[in-house]
Amino acid sequence: MRAALLAVFLAASAGAQPSTETAGLGGDPPGLTWSWSPEPRWLAPADVGRRYFDGGLDYGANFVFTTVPDADVPPVVIVFDPATPSTARIFAYGRGYADAGIGRFDGAAYDVSDPANPRRLNVGFSEDPAGNQQNRRWTPDGSEFGAREYLVVFASDYDPSGETYAGRTIYTLDTYYGLAARVRDGHALFETAAEMRLTPDPLRDVAAAAVANGVADAEWTAATYAGGTEVRAVAEGAVLATAPPADGRVRVAGLDPERTVDLRIQLWGPDGLIAERPVSIRAKISEGVAAFSALDPGRAESLSYGDTWGYVAPDGTEYALLAVRDGGLSVIDVSAAPAAAAVEVAYVPAPVQSTDSKDVKVYGHHAYVVNEVGPIQILDLADPTAPVEVGRLDVQPGVVNGGSHNVAVAEGHLWVTGGRFGGNPGLRVYSLADPANPVLTDAFRPDHWPTPYYHDFEVRDGIGYGSAIYSEGGVDVLDVSDPTDVRLLTSFTYPGAGAHNTCTAEDGGTLYVGDEIGTSGNWIRIFDVRDLEDIERVGEIVVDSSAVVHNCYVRGDRLYVAHYTEGLRVFDVSDPHAPVEVAYLDTYLEPGYGFNGAWTAYPYLPSRKVLVSDLQSGLWVIALEGDAVASEPAPDGRAALRVWPNPTAGAATLAFDLDAPAEADVVVADVLGREVARTRASGRPGANHVALALGGVPAGVYVARLLVDGLAAGTATLTVAR
């Protein structure tokens, strides 16, 4: 080893920050610094998308995965000098990074957390069997990828025999760092002896999130080598809370939930302040919410939860159906929630060959449970406490592991999207004339996109909207008025699109498009679709520019959004082009963004409770405050009759408005005019509601008529589905 050079380097670095090159994510403080000595450096980053070293350096946890927590990664010095060679393990690039034997790295790596006693470490590197650099030495070239000779530094003490990692792959080893490098333009490999010091920030990954109104948690990673003994949360010069560095979290109470508080998270040691990071937090998790409760069914087989949908039994009991990913379907009685706890009353496992139960929808008393790999399960919910599987629908016959990602129920049909690309991952349409035995009526493949795939589908009044998420695509507008002959009407998009889900205003004139994976912001865009030949983008909804949106639905003049880490968001869309947020509840209380938190917000229960599925915590049942509750379906005339849910399994609510007291009756008749049900309403001025029980009425289409003082005043079509 070149002891003199290393000693000089350590001495120059002690007690002072070295000259550094750093990079961060999203403007956050960098979690790693590196310095090179002597200049000029002759390495540059190879293109593998890593975080630091201009994109070529990272902790083992982010580079190849590792068994070493970030907090335990020490500062390391890498010596680049052919006079100090190390035995290194080679891992085959393109072959799962499997062990490819012993090679040589012209240098050495040292843990320098104790500068007086540097500890030599094992190293390894990858070599591309398809390349022309198979010389069993670490010799990256000047190409974009540096011949894919990626260097890894391990936590173990140096083993000159090189046998420590024999027979292993590069993944899940005790890796401190990974370096993807190429020879810098105008320079040569090892043109000078040099050293690179990698120093983790002693306090990093600092974030804060509200856990209740006025209460927040601050989180961090604190390096163990830094000698810190206490972390403090400070605001306006006052210490609000403290915790040991190893806890990684401190709870701060008494914050003003109505304003943003600037916290400073500080790492202290015996000799004083070691590091400090700012973080801002508004300690408020809800607004416009009267009450809520949560239920995690605790299914051990589930990594997380997916979609939720509502079901109203003929006796009026309200249930939530919760997709248990890698599990099946949970049936939950929510009739008493959120005032009392929701109760799981049944559980149906997914088929053995299926994985990842993602989505569920209801038609009458049948539920359709989507599996990403495997058939759709068809369940009879006549007794919700004892669901019966009555069929399975293979939506991609002949495709190995074929399945679907999503399903919509509308206009008496099942609209299936997603699944493996080997079959037809566009749209498959099935008649529900016999709900237990859906029959394929048409399939539409969107070949005008690079990837013929719809992630989600919506149907309203004979128009279908397909979200072409994987094609940098926007939305296809389809004529689905004839489910045996689906046709493309038009398509529209926007720059950097990754359209995941759509929902229309109830008049069908405005379309809300949620973007999950696009490159220009993962929020909602608003389009005027009244004229399909001139679709116009008229606005957007940005809850947090760093957050990702998921599913949305509209009921009346309210838009309900499941916004992943931002939880449930509710907007007044009485002016559909200018939504105003009226309520929210954060169901995911951890810091950060990404694909965690709220998946679906279901707003269609007669009680107006909102069901929210959260990937990590299960089902939330939420009652909104009066001003945040959706209006009923918009009236059309003095006494227009409105009905929901429609279709129904046998229990429905009918509503109408009266200007003055009157005798009011609701009569339900079949298509031949034969009366099947009649009920008397209160007939008071203003809004009136009628609970209608149709449990004994055969499946079919019916007409509900409102009679006011004996005269016809309104009609509505009602579908009873069994």
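Residues with beta-carbon under 11 Å from that of GLY131, excluding GLY131: net charge, scoring Lys, Arg +1 and Asp, Glu -1? Net of charged neighbours comes to -3. Between 0 and 90 degrees, the angle of helix 3-13 with respect to the longest Cα principal axis of the chain falls at about 50 degrees. The local environment of ARG428, defined by Cβ-Cβ distances under 11 Å, has a net charge of -1 under the rule Lys, Arg +1 and Asp, Glu -1.
In the list (1) 105, 62, 50; (2) 90, 54, 51; (3) 117, 65, 46, the label attached to Cα extents along the principal axes in Å as derived from the coordinates here is (1). Estimated from helices alone, the mean residue ellipticity of the chain at 222 nm is -500 deg cm²/dmol (sum of -39500 (n - 2.57) over DSSP H runs with n ≥ 4, per residue). Surface composition of the chain: carbon and sulfur atoms hold 50% of the protein heavy-atom accessible area at a 1.4 Å probe.
Can you give the FRET efficiency to the nearest 0.05 for ARG168 and ALA235, using r as the Cβ-Cβ distance and R₀ = 51 Å? Each step should come with its number before you reach the end.
Numbers: r = 48 Å, r/R0 = 0.94.
FRET efficiency, ARG168 to ALA235: 0.60.
Accessible surface area normalised per residue over the chain is 39 Å², counting heavy atoms of protein chains with a 1.4 Å rolling probe.
Mind listing which chymotrypsin sites (Phe, Trp or Tyr not before Pro) in region 327-375 are in a DSSP loop and have 10 or fewer other Cβ atoms within 10 Å? Those that pass, being in a loop and sparsely packed, number zero. Taking the average, over residues, of other Cβ atoms within 10 Å as the packing measure, peptides 521-531, 159-169 rank 521-531, 159-169 from highest down. Stretched out straight at 0.36 nm per residue, the stretch from THR260 to VAL439 would grow longer than its current Cα-Cα span by 58.9 nm.
Shown here for region 288-377: GluC sites (Glu not before Pro) in loop regions (DSSP other than H, G, I, E, B) with at most 12 other Cβ atoms within 10 Å, namely GLU301.
Each peptide in 381-392, 319-330, 469-480 gets a packing score, the mean of other Cβ atoms within 10 Å over its residues, and the list from highest to lowest is 319-330, 469-480, 381-392.
Once the other residues with Cβ under 15 Å from the Cβ of GLY248 are scored (Lys, Arg +1; Asp, Glu -1), what is the net sum? Please report the intermediate quantities before stating the final value.
Values: positive: ARG204, ARG232, ARG249, ARG251, ARG277; negative: ASP70, ASP72, ASP201, ASP205, ASP217, GLU219, GLU230, ASP247, GLU590.
With Lys, Arg at +1 and Asp, Glu at -1, the neighbours total -4.
The values are calculated or read from the model by the stated rules, or taken from the named source; none is laboratory data. What you see is a predicted model; the values in this text were computed from it and never measured. Please note: Cβ atoms are built from the backbone with ideal geometry, for glycine as well, and neighbour counts cover all protein chains shown. All accessible areas refer to the heavy atoms of the entire protein, side chains included, with ligands and DNA or RNA removed. Shrake-Rupley method; radii C 1.70, N 1.55, O 1.52, S 1.80 Å.
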